[in-house]
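Let me begin by presenting the structure, written as structure tokens, before commenting on it.
Taken together, the values in this text are just the output of simple stated rules run on the coordinates, not laboratory data. Remember, predicted model here, so these are calculated numbers, not experimental data. Cβ placement follows ideal geometry from the backbone for every residue including glycine, while neighbour counts extend to all protein chains displayed.
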Amino acid sequence: MTAPLPQPSTKRRLLLASDRSDQSSELAGILQMVGEVDTVAMADLPEAPGQFAGIVVDINLRSPECVQLVRNRLRSEPYRAMPRLFVLADALHHGSMQAWALGATDTIARPFDAQAILQRIRAAFPDSHGYDATDRGKALNRGVEAAHAVLVKMFEKLPQGISLQFSDIVAAENRILKAIRHSSLREWLTTVGCHHTDTYRHCLFVTGFAVAFAQHLGMRDDDQRRLVRAALLHDVGKAFIPVAILDKPGPLSQEEIIEVRQHPRRGFDVLAAQGGFPPEMLDVVLHHHELLDGSGYPNALRGNQISDIVRLITIVDIYAALVEKRAYRMQYTHAAAFAMMEKMGDKLDQHLLQAFRPIAFGYH
């Protein structure tokens, strides 16, 4: 009787690049719970890493020499598109900005929480035998296409009286999450930045920033999905604002500003009338321009009247708008945009804004 051929493992194979082997053994043990782990020094990275689902980098991010070594090794073609998770000395470590600048897909911090790390690994790295950059590119394109299809229904079909269903959003969310998890925020923004329609591009930018922020905060999968839905849909009311105003190549008049400020209420009214949309999505659609000091619109809400999901979407919405190129102005740099938001003071949740800093500074 012929012995059966051995079947290839479907378990993740992970590369742990560490220049602190004395401190990485605990991490390697945790990683082995979800995959096979090869531990090497950063200087000894394999030339052909195609068999790995992703790389975990555990180095001294305070060392310019270590950072430069990582930058040089990971910019080479075989590693350029590979998901990469960086280890921080602690949750508040200043190296988080350095990690995101080096293209981190996600970060974890000491002291290690095994369950949290396993969740981040599953989200950051595809669960498959080997790593396929082509599949990664396909996932990115499919995610953008899925998001774009929702936006077409929002901005073209909805004004014609063709309803937008909650199921339309749910059908797209898996592809969007997979695209950003398995590529990077930078790749998502680069891809959608080519979109010629400002309103579409803005919604796609906000969605990308929101997902990256949710992953950075370690949100549960269900919460990430809620955030994707809310981010993608937040500006649905602009479907009922004249295109001539939305695409005006210059500052708006006072009358036009009043018209634009109708979009949260119009979006809320349409979705509420259709029914089937969760309360948190309607909350974001109606209130994403509210500010903590009561100076926002349409309801001049204050403080704890504004939910956490609205506070988060408001931050990524403002940031995305500032770093996007508009017909009447060039985009702000990430540093200038973030500084402007810090100067907004008690209008924004400043603790949440500081938590967003690694995303704001790290995707470039």
Between V150, V56, V70, where does the largest GNM mean-square fluctuation fall for the chain, given springs only between Cα atoms within less than 10 Å? V70
Can you flag which of K138/K325; K157/K238; K238/K325; K153/K238 are past 23 Å Cα-Cα? K138/K325
Less than 15 Å Cβ to Cβ from Q68, Lys/Arg counted +1 and Asp/Glu -1: what total charge do the surrounding residues give? +2
On the Cα set of the chain, report Rg and Dmax in Å, please. 21.7, 85
For region 288-364, averaging the sequence separation of alpha carbon pairs under 8 Å that lie six or more residues apart and dividing by its residue count, the contact order in percent is 26 percent
Write out the chymotrypsin sites (Phe, Trp or Tyr not before Pro) in region 271-338 meeting two conditions: DSSP loop, and at most 12 other Cβ atoms within 10 Å of their Cβ. Y328
Mind checking which of P83, P264, P249 has the largest fluctuation in a GNM of the chain, springs on alpha carbons under 10 Å? P249
Sparsely packed trypsin sites (Lys or Arg not before Pro) within region 193-230, loop by DSSP, other Cβ within 10 Å at most 11: R220
Rank E156, E324, E280 by mean-square fluctuation in a GNM of the chain with C-alpha springs under 10 angstrom and give only the top-ranked residue. E156
In terms of the Cα gyration tensor, with a ≥ b ≥ c the square roots of its eigenvalues, is region 192-351 rounded because a/c is under 1.5, prolate because a/b exceeds b/c, or oblate? rounded
Tell me, what is the percent relative contact order of region 12-124, built from C-alpha pairs under 8 Å that lie six or more residues apart? 25 percent
Mean separation of Cα contacts under 8 Å, 6 or more apart, over the residue count of the chain: relative contact order %: 14 percent
About its Cα centre, the chain carries a charge dipole, from +1 on Lys and Arg Cβ atoms and -1 on Asp and Glu Cβ atoms, whose size in debye to the nearest 20 is 460 debye
Rg/Rh ratio calculated on Cα atoms of region 12-124 (Kirkwood radius): 0.91
